[in-house]
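One structure is given below, encoded as structure tokens.
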Amino acid sequence: MPSAPPPALRLRCADKTLDLSRPVVMGVLNVTPDSFSDGGRFFSLQAGVEQGVRMAGEGAAIIDVGGESTRPGADPVSVAEELRRVIPVVERLRAATAAVISVDTSKPEVMRAASAAGAGLINDVRALREPGALEAALESGCAVSLMHMQGEPRTMQVAPVYADVVREVREFLRDRVAACRAAGFTEERLAIDPGFGFGKNMAHNLTLLRHLGELVSDGLPVLVGLSRKSMLGKLTDRAPEERVYGSVALAAIAALKGACIVRAHDVGATCDALKVAAAVREGS
């Protein structure tokens, strides 16, 4: 059965406010040469901007620009290189679309530069735990998505272990939310992400998805990133670029469980699925 509709939520993203009374799509824009699904396709400035504009046209409420791959085994990127990749794209997409521009980073220097360039959301896989990140995000005025990750990208999928994955993820996110509140964040600037595939095996991912309503019940917008993940490769025996149908199925399930923001590579198909899921959830 679908979870009950969450209370009306809004996310304050600098000078924009996202209405999350119905789930929205965050389009994935990897301006990297090595991301797991589309690495290299949008690495040039022109290709990245064109893809961002295309996703906004397909219905994405948020465009998430990432200049450092966080796939398992990925090598780190310098601050200078990440800035070179990300900031021009943020600037141009802010001017060319009405979407909220998000920056997928853990580096305080990139957070500051991206917010100055027009970003309204910081999507941090390390949940503002890097030195200086909490302060940079607070000063930016951006909303922040706090994600759970066990370990670091290079090694997180080697042998993830939990005694109770739902309890441990929920406690971690509660602790990070508390740290943000203590620093001065208001609730309207915070979202949480259980981090599917980040230090979690198939059983952990499926358990988290089944119990997603427990995170939703804590009252903050829940963001999920399930698009083209390796769990779909195991379930469907398909390559990343062939996982559209499986990704859309997971998006609809997550929305029925109460997710407010769904991160997706295939924006148009996911938007359609979320419209259907929202209608089912609302009984209309």
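The values are calculated or read from the model by the stated rules, or taken from the named source; none is laboratory data. Here the structure is a predicted model, which means the values were calculated and not measured. Cβ: placed from backbone, ideal geometry, glycine included. Neighbour counts: every protein chain shown.
A few points about this structure:
- If you check 138, 146 for being buried (at least 21 other Cβ atoms within 10 Å of the Cβ) and either part of a strand (DSSP E or B) or over 18 Å from the mean Cα position of the chain (by Cα) (or both), only one passes: 146.
- Yes/no for residue 75 being of a type in the set (Asp, Glu) and outside any loop (DSSP other than H, G, I, E, B): no
- Pairs where the first residue, in region 73-88, is over 19 Å from residue 50 (Cβ atoms) and the second is at pLDDT below 90 and part of a loop (DSSP other than H, G, I, E, B), C-beta under 7 Å, 6+ apart: 73/154; 74/34; 74/153; 74/154
- Residue within region 256-265 that is farther than 30 Å from residue 186 by Cβ and aliphatic (A, V, I, L, M) present: no
- Members of region 67-82 that are at pLDDT 95 or above and buried (at least 20 other Cβ atoms within 10 Å of the Cβ): 82
- Per-region count, region 249-284, residues of a type in the set (Asp, Glu), surrounded by fewer than 22 Cβ atoms within 10 Å (Cβ to Cβ) and in contact with a helix residue (DSSP H, G or I) (Cβ under 9 Å, 6 or more places away or on another chain): 1
- Looking at 237, 218, just one residue is free of Cβ contacts under 8 Å to residues at least 60 places away in the same chain, over 17 Å from the mean Cα position of the chain (by Cα) and within 30 Å of residue 171 (Cβ to Cβ), and that residue is 218.
- Odd one out for residue 153 among (1) in contact with a Ser or Thr (Cβ under 8 Å, 6 or more places away or on another chain); (2) modelled with pLDDT of 95 or more: (2)
- Test: residue 173 is under 17 Å from residue 143 (Cα atoms) and not hydroxyl-bearing (Ser, Thr, Tyr): yes
- The set of residues in region 123-135 being closer than 17 Å to residue 199 by Cα and either surrounded by fewer than 22 Cβ atoms within 10 Å (Cβ to Cβ) or more than 12 Å from the chain's Cα centre (by Cα) (or both) consists of 126, 129.
- Test: residue in region 32-52 that is at pLDDT 90 or above, aliphatic (A, V, I, L, M) and in contact with a Ser or Thr (Cβ under 9 Å, 6 or more places away or on another chain): no
- Residues of region 167-189 satisfying the condition of being surrounded by fewer than 22 Cβ atoms within 10 Å (Cβ to Cβ) and either within 22 Å of residue 234 (Cα to Cα) or touching a Pro at 6+ places or on another chain (Cβ under 8 Å) (or both): none
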